[in-house]
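Trainee: Following this message is one structure expressed as structure tokens.
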Protein chains: 2
Amino acid sequence: MLNKDHPRYQSLVYREKIVEAHENGILADSGMIAHGRGETFDYLIGEKTTPNSQNTIDVAACYFLTRKHPVLSVNGNTTALVSEDIAKLSELLDIPVEINLYYRTPERIENIERVYKDLGVKEILGTDEDDFIDTPNLNGPRSPVSIEGIKKSDLVFIPLEDGDRAEKLYDLGKDIISVDLNPLSRTAQTSTVTIVDNIVRVIPALIESVKKYENYDKTDIQEKIDLFNNKTNLNIAIKDIIKRFE
Amino acid sequence: MLNKDHPRYQSLVYREKIVEAHENGILADSGMIAHGRGETFDYLIGEKTTPNSQNTIDVAACYFLTRKHPVLSVNGNTTALVSEDIAKLSELLDIPVEINLYYRTPERIENIERVYKDLGVKEILGTDEDDFIDTPNLNGPRSPVSIEGIKKSDLVFIPLEDGDRAEKLYDLGKDIISVDLNPLSRTAQTSTVTIVDNIVRVIPALIESVKKYENYDKTDIQEKIDLFNNKTNLNIAIKDIIKRFE
């Protein structure tokens, strides 16, 4: 169907995945609109992983390798775009996948759970059998955190998360790695490590980076973490966007 | 349903309109994603009409008042968001509405035609009864231009248009007024007058501006047009976005 010569071919491929996931009950209407927001930001950063983003991905890999209980928290958009790579990362690090939806319905939870089960993910949290931490200040019919998934975790990976929940996780004292194309967002500003890049490039790059850094000494990995400053990272990301307009 | 105190209340209202139009067969899937792209650009310009945009809207009003056959070319997103104001503008200027869809289906054309008929629009072009100019170089199942709508027009108003069709209209020698939140887009770069602003603010402001300038002398109106430079306009729009990041 799609013409490979189209200047925006890659972007159209992912757009089709999003539309398909919407039809399959994985993605809410709002998820389609959210994808469009991401398209604009990706366009602004030039649709490529900048050297700064690659460094941030390496730092994220080092966090995964030094924490005891990381968890991969996924939503409909993440599932629509990169479920296979999420399953690979979960296997590589031997860590659970937690399903967390802004617009939570039993059907969507089930549909997403099936995707990861079919991909062989061993531990899936955040399903309707889980208990949830009570967080009355969050809007919408969503669960912020499953007890199993979040309470005992020391590192939460939240690609494509909304600001309310990111702040809640911050209040709970968790280390947060987020993927957010908007360096100005609350999620970006609240995270311990913010990867300002498109999730479709981030997860494969993160897998490669984990494979590389797992051969390093613990002290080298810790140094990589200690040298990182998220404020500096976000400032560089903002400058990269401004360059695009100039 | 929506909480008026939410910091993004207005944005959520328009998001609901988009979802509703999608359910009513007015908007294609891609239109939902396109709305998301627009949300990001609107966020970047601060979700308000800048002084530069207000000036550009005034110039657009002057164009409408000095051309013989302007036409308002609308798509699904425009219809979802501002059909009532489009009908008002059509009545005020006594000019036709042309339906032009990127993903053209008889059902969507019919649904959109009904919206404008119900709003009392006298002349609706681009329906399936029209003939179309043959333009084999345009991708997708869409018509670039209806003969009635475009051939005899001297000014085409294209809110939310794609770059391919904008370039085609340019090749046909038409004056083009576009509404485009991305000052870097081909549509923005190709237009005679590019209003870099959200359509939900533009159309009401354009109506007010037409009412104001229709009382002016023809020479004053022409001077307003002659003083305008779209390159300068776009450069200011880009600077306004950069300011937002700084």
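The values are calculated or read from the model by the stated rules, or taken from the named source; none is laboratory data. On a predicted model such as this, the values are computed, not experimentally measured, just so you know. Counting neighbours? That spans all protein chains shown, and the Cβs are built from the backbone with ideal geometry, glycine included.
Trainee: Being in a helix (DSSP H, G or I), at pLDDT 95 or above and closer than 21 Å to residue B:99 by Cβ is the requirement here; does residue B:150 meet it?
Mentor: In short, no.
Trainee: Looking at A:181, A:138, which is the one that is in contact with a helix residue (DSSP H, G or I) (Cβ under 8 Å, 6 or more places away or on another chain) and either at pLDDT below 90 or among the basic types (Lys, Arg) (or both)?
Mentor: A:138
Trainee: Tally time: how many residues in region B:2-32 are under 18 Å from residue B:100 (Cα atoms), facing chain A (nearest Cβ under 10 Å) and surrounded by fewer than 22 Cβ atoms within 10 Å (Cβ to Cβ)?
Mentor: 4
Trainee: I need the full set of residues from region A:171-188 which are more than 19 Å from residue A:93 (Cα to Cα) and outside any loop (DSSP other than H, G, I, E, B), in order please.
Mentor: Answer for region A:171-188, where residues must be more than 19 Å from residue A:93 (Cα to Cα) and outside any loop (DSSP other than H, G, I, E, B): A:171, A:186, A:187, A:188.
Trainee: Filter region A:147-178 down to residues that are touching a Phe, Trp or Tyr at 6+ places or on another chain (Cβ under 9 Å) and without any contact (Cβ under 8 Å) to a residue 24 or more places away in the chain and give me whichever is farthest from residue A:205 (Cα to Cα).
Mentor: A:147
Trainee: Looking at (1) over 14 Å from the mean Cα position of the chain (by Cα); (2) in contact (Cβ under 8 Å) with a residue 40 or more places away in the chain; (3) more than 22 Å from residue A:33 (Cβ to Cβ), which is the only condition residue A:230 fails?
Mentor: Every listed condition holds for residue A:230 apart from (2).
Trainee: Of the residues B:191, B:185, B:178, which single one is crowded, with 23+ Cβ neighbours inside 10 Å and farther than 22 Å from residue B:104 by Cα?
Mentor: Step by step, each of B:191, B:185, B:178 is checked, and only B:191 is crowded, with 23+ Cβ neighbours inside 10 Å and farther than 22 Å from residue B:104 by Cα.
Trainee: State which residue is farthest from the chain's Cα centre (by Cα) when the search covers only region B:233-246 and only residues that are over 30 Å from residue B:66 (Cα atoms) and hydrophobic (A, V, I, L, M, F, W, C).
Mentor: The extreme case among them is B:245.
Trainee: Mind checking which residues of region B:33-58 are more than 7 Å from chain A (Cβ to nearest Cβ), touching a helix residue (DSSP H, G or I) at 6+ places or on another chain (Cβ under 6 Å) and among the charged types (D, E, K, R)?
Mentor: Result: B:58, single match.
Trainee: Checking the condition under 23 Å from residue A:81 (Cα atoms), surrounded by fewer than 16 Cβ atoms within 10 Å (Cβ to Cβ) and out of contact with any Asp or Glu (no Cβ under 7 Å at 6 or more places or on another chain), which residue from A:214, A:208 passes?
Mentor: A:208
Trainee: Kindly evaluate residue A:66 against the criterion of being surrounded by fewer than 23 Cβ atoms within 10 Å (Cβ to Cβ), away from chain B (no Cβ under 14 Å) and closer than 30 Å to residue B:183 by Cα.
Mentor: no
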